[in-house]
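These notes concern the structure reproduced below.
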Amino acid sequence: MNQAVTRATFDQVMVQTYQPAGFIPVRGAGSRVWDQDGREFIDFAGGIAVNALGHCHPELQAALAEQAGKLWHISNVFTNEPALRLASKLTELTFADRAFFCNSGAEANEAALKLARKYARDHFGAEKNRIVACDNSFHGRTLFTVSVGGQPKYNQDFAPLPEAIAHAPYNDIEALERLVDAHTCAVILEPVQGEGGVLAADPAFLLRARELCDRHGALLIFDEVQTGVGRTGSLYAYMQTDVVPDILTSAKSLGGGFPIGAMLTRDAIAASFTPGSHGTTYGGNPLACAVALRVLEIVSRPEVLAGIQDRHGRLVAGLSALGDKYGLFKEIRGKGLLLGCELQGKQAGAARVVLHAAEAEGLMLLQAGPNVVRLAPSLLIEHQDIEEGLSRLDRALAHIA
Ligand SMILES: *Cc1c(COP(=O)(O)O)cnc(C)c1O
């Protein structure tokens, strides 16, 4: 039978890789969540940019239930209809000709980086193997992706690390020019640094990255794990820029809460992966692909994409008003429904304090580093939930101001 579990159980039986909140959510609907005691929360966190359509969206429940009655898993020894439909949809909607499926953002980036190394080796030789990334970026937690991420706090304890990886400060065009050369096989960038503090790339930085890659025969990889699937107001963030990457990685919102990752690329690059080059047991799992297909169908509806800008406007206006009222926010930034409030003054570096105060008022928020309060709510969040969340944040800020 079901054993009673509490937050204390976490400290007893879980590896302590996280420091979760003091309550345990048990149920969600749209942008509201309830805990074990029936306390209600407004969800501005969206499962860290995963619950793009909120909790338990009826169309996603239906897609999952329908597939659950047909076929759960079949392995890559066989292909399956949901995976083929999802790959067809992704290639129809983006620059890409082909998709590789996996289970997370880190795995999508792992595939992208391995493909870039192999493509360069196939076409230019083994010497062309260097990867250029940005300081303070986040690409996942595998050894390769923490090395590429360039945040010592995530990789310094795990040496020896994979080699031939260099980092430029984000948006520093001159540093990028110094690092990218004939030995570079790939440049990997987040169009908006998510974990790094909700910082958007300058259009000129992206353009220069594209030019440098073209000049030196390197591949441009966009990590859209956080920015993808409507988050910034277009299906993928690159669609709002003048730059098209060679490889794009997607995860988080793609499954709307069901684990899936995807690496997308063009024919000529995909050709460097041949049978046996790479793989994963669960990649292209029918349940995950059936749900992701429905997520993409819903997010690409014009009214959903248009609604993101409207919600962005409401949230930014409300957050700016609170910033003025309490003088706590230095800047409110971000795109679409990926927003960051940089703290200043007495609260500088205290994003965690804001998160705790919000929790006490029934509001789920995120942080992006110690100094930025991050919001990544459902793309479908109702106006009344935005208003209610903002008034809870108002009360939380009143406590700490
Ligand atoms: C979350 C994230 C990842 C890692 O995704 P996982 O599913 O946790 O492996 C990679 N890149 C970016 C930009 C992310 O935000």
Legend entry - Counting DSSP beta bridges with both ends in segment 71-299, the antiparallel % (nearest 5): 45
Legend entry - Binned Cα-Cα distance frequencies in the chain - 20 Å width, integer %: 27, 58, 15, 0
Legend entry - Partner aspartates and glutamates for Lys118 [C-alpha distance under 13 Å; skip if fewer than 8 residues away on the same chain]: Glu110, Glu127
Legend entry - Exposure of His73 as accessible area (Å², to 10), given a probe of 1.4 Å and all protein chains: 70
Inset, instruction - State, to one decimal in nm, how far the label point of Thr274 lies from the label point of His123, with both points 7 Å from Cα in the Cβ direction. - result: 1.7
Legend entry - Accessible area in the full protein assembly, largest first, 1.4 Å probe, for Glu190, Glu107: Glu107, Glu190
Legend entry - Leu363 long-range amide H proximity, modeled H, under 5 Å: Ile42
Inset, instruction - List, in the order given, every pair from Lys153/Lys252; Lys89/Lys252; Lys70/Lys114 whose Cα-Cα distance in the structure shown is over 24 Å. - result: Lys70/Lys114
Legend entry - Residues whose placed amide H lies under 5 Å from that of Glu382, excluding near-sequence neighbours: Ser31
Legend entry - Pairwise label distance in nanometres, Ala360 with Asp214, each label 7 Å out on the Cα-Cβ vector: 5.5
Inset, instruction - Find how many whole Å separate the alpha carbon centroid of segment 116-156 from the alpha carbon centroid of segment 12-88. - result: 30
Legend entry - P(r), alpha carbons of segment 71-299 - 5 Å bins starting at zero, rounded %: 1, 7, 15, 20, 21, 17, 11, 6, 2, 0, 0
Inset, instruction - Evaluate Rg over Rh across segment 174-293, taking Cα atoms for both radii and Kirkwood's formula for Rh. - result: 0.99
Legend entry - For segment 152-157, Karplus couplings with θ = phi - 60° (6.51, -1.76, 1.60), whole Hz, Gly/Pro x: x, 4, 9, 10, 5, 8
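State whether segment 203-265 is rounded, prolate or oblate according to the following rule on the C-alpha gyration tensor (a ≥ b ≥ c being the square roots of its eigenvalues): a/c under 1.5 gives rounded; otherwise a/b larger than b/c gives prolate, and the remaining case gives oblate.
oblate
I need the trypsin sites (Lys or Arg not before Pro) found in segment 37-91, filtered to DSSP loop residues with at most 15 other beta carbons within 10 Å of theirs.
Here the trypsin sites (Lys or Arg not before Pro) that fit, given the DSSP loop and packing criteria, are Arg39, Lys70.
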Legend entry - the chain, helix-only ellipticity at 222 nm - DSSP H runs n ≥ 4, -39,500 (n - 2.57), divided by all residues, nearest 500: -12000 deg cm²/dmol
Legend entry - Cα-based shape type of segment 253-401, given that a ≥ b ≥ c are square roots of the gyration tensor eigenvalues and the cut on a/c is 1.5: prolate
Legend entry - Simple label model, 7 Å out from Cα along Cβ direction - Ala62 to Ala8, nm: 4.5
Inset, instruction - Under a cut-off of 29 Å between alpha-carbon atoms, report the lysines in cross-link reach of Lys325, not counting same-chain residues fewer than 8 places apart. - result: Lys335, Lys346
Legend entry - Potential lengthening between Ala398 and Thr142 on full extension [0.36 nm per residue; Cα-Cα distance subtracted]: 88.1 nm
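The values are calculated or read from the model by the stated rules, or taken from the named source; none is laboratory data. For clarity, every value in this text was computed on a predicted model and none was experimentally measured. Neighbour counts are summed over all protein chains in view; Cβ atoms, including those assigned to glycine, are modelled from backbone coordinates with ideal geometry. Accessible surface areas use protein heavy atoms only, side chains included; no ligands, DNA or RNA. Shrake-Rupley method; radii C 1.70, N 1.55, O 1.52, S 1.80 Å.
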